[in-house]
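Remarks on the structure that follows.
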Amino acid sequence: MGIKNRFTTLLEVDFPMIMAPMFLVSNVAMMKAAIDAGIMGTFPTLNFREDGELGKVLDEVKAHHEAQGRKGNYGVNLIVQRSNPLYPKHLKVCVEKQVPLYITSLGNPKEVIEKAHSYGGKVLCDVTNLAHAKKCYDMGCDGFIAVGQGAGGHAGPFPLQLLVPTLLEHFPDKLVISAGGIANGQGIASMLAAGADGVSVGTRFIASTEAGVSDAYKEAVVDAKMDDIVLTERLSGTPCNIIDTPYAKKIGYKQNRFERWMSKNKTIRKYFKMMVQVKGMKKLEQSVKPGNYNNLWSAGQSVELIHNIQSVQGIAEELECETIAAIQRVNEMMS
């Protein structure tokens, strides 16, 4: 038994789930495994920053996708903020390689939407509120990643039980994908019941055998509880969820008064945000390496529900079985 809806039809996958793009975590092995599992595998283009690297990765993933009979699918995440210096170059490569799906974050997606649609690519925009969603809708996006409370990385302020129905009420013709706090089939079933077309799951896949991060990071995801997740401004200037490690406590969670002023100054904020993001990226890069003690590990509140490390395919299959079982339990209540 499977699940078929407009998500699986439009994005050409067997099950309505995105393996969320995760900075420094998502890699080629995870992408291939996601395709094999019949879901949508995505990765941030910023994971591949060396010249020519992104193009080679996309060629490898596309070849695997075609060889597997297109059971699952693949896409990329683009940070479209002007403070991302690699955005123009990465967008050009992705368009040349005709990537099937784009997820845009932290900026204006207009250029991505226009170029993706020129060859039939789809664009989903990260949104946390109705105002941002309206702007993306007017630009012609194909749908939204509704980022709610508890998500890893840049979380939203609203619960998904409110955000998802609100987006569907205002934009019924667009896909709405739930993201944040989802790590088991019961959570997926609840989002489908709320009207979501599918879900985006990130933190659960950090604790996968294929993830290219240290064992300490994976074990921290397994061991952490929801109370161990904190919001910090110290990595990108925008509040994001991380595990509350001793190093996170040491550097603090808030920008100081001068940093906040710099981030709001119209003349220099672009360059200041770029500097903050570069410094944050370097800290995160060091954190995921084995033997490093200055740990800054991104994760969402769904760590509470993660109890082991499995393969990507094993995780995807377990989530699908749990989802179908949860739906069947509800159906039995109605008979």
So for the stretch 196-209 (the condition being under 21 Å from ALA316 (Cα atoms), charged (D, E, K, R), open to solvent by 30 Å² or more (accessible area, probe 1.4 Å) and in contact (Cβ under 8 Å) with a residue 24 or more places away in the chain), does at least one residue qualify? no
Matching entry among ALA183, ALA179, ALA193 (being buried (at least 24 other Cβ atoms within 10 Å of the Cβ), more than 12 Å from the chain's Cα centre (by Cα) and within 22 Å of GLU322 (Cα to Cα)): ALA183
Would you pick out the residues in the stretch 303-335 that are in a helix (DSSP H, G or I), open to solvent by 80 Å² or more (accessible area, probe 1.4 Å) and polar (S, T, N, Q)? ASN331
The one condition THR166 fails out of (1) surrounded by 23 or more Cβ atoms within 10 Å (Cβ to Cβ); (2) more than 13 Å from CYS125 (Cα to Cα); (3) hydroxyl-bearing (Ser, Thr, Tyr) is (1)
Would you confirm whether or not the stretch 72-91 contains a residue that is closer than 24 Å to ILE315 by Cα, surrounded by fewer than 18 Cβ atoms within 10 Å (Cβ to Cβ), basic (Lys, Arg) and modelled with pLDDT under 95? no
Among residues belonging to the stretch 119-140 that are assigned to a strand (DSSP E or B) and in contact with a helix residue (DSSP H, G or I) (Cβ under 7 Å, 6 or more places away or on another chain), point out the one that is farthest from ASN108 (Cα to Cα). LYS122
May I ask you to verify whether ALA248 is small (Gly, Ala, Ser), at negative phi, surrounded by 16 or more Cβ atoms within 10 Å (Cβ to Cβ) and modelled with pLDDT of 60 or more? yes
Conditions (1) in contact with a strand residue (DSSP E or B) (Cβ under 6 Å, 6 or more places away or on another chain); (2) in contact (Cβ under 8 Å) with a residue 24 or more places away in the chain; (3) within 25 Å of GLY180 (Cα to Cα): number failed by TYR137: (1)
Taking into account only those residues within the stretch 102-123 that are in contact (Cβ under 8 Å) with a residue 40 or more places away in the chain and open to solvent by less than 40 Å² (accessible area, probe 1.4 Å), which is nearest to GLY75 (Cα to Cα)? ILE103
Please state which of the following conditions LYS283 fails to meet, knowing it meets all the rest: (1) modelled with pLDDT under 95; (2) more than 17 Å from MET22 (Cα to Cα); (3) open to solvent by 60 Å² or more (accessible area, probe 1.4 Å); (4) not hydrophobic (A, V, I, L, M, F, W, C). (2)
Just to check your reading of the model, which residue among PHE158, PHE171, PHE144 is over 28 Å from ILE35 (Cα atoms) and open to solvent by less than 40 Å² (accessible area, probe 1.4 Å)? PHE171
Can you tell me which of VAL99, VAL127 is in contact (Cβ under 8 Å) with a residue 40 or more places away in the chain, surrounded by 18 or more Cβ atoms within 10 Å (Cβ to Cβ) and in contact with a Cys (Cβ under 7 Å, 6 or more places away or on another chain)? VAL127
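The values are calculated or read from the model by the stated rules, or taken from the named source; none is laboratory data. Please read these numbers as outputs of a predicted model, since none were measured by experiment. Cβ: placed from backbone, ideal geometry, glycine included. Neighbour counts: every protein chain shown. These accessible areas exclude ligands, DNA and RNA; they are computed on the full protein's heavy atoms, side chains included. Shrake-Rupley method; radii C 1.70, N 1.55, O 1.52, S 1.80 Å.
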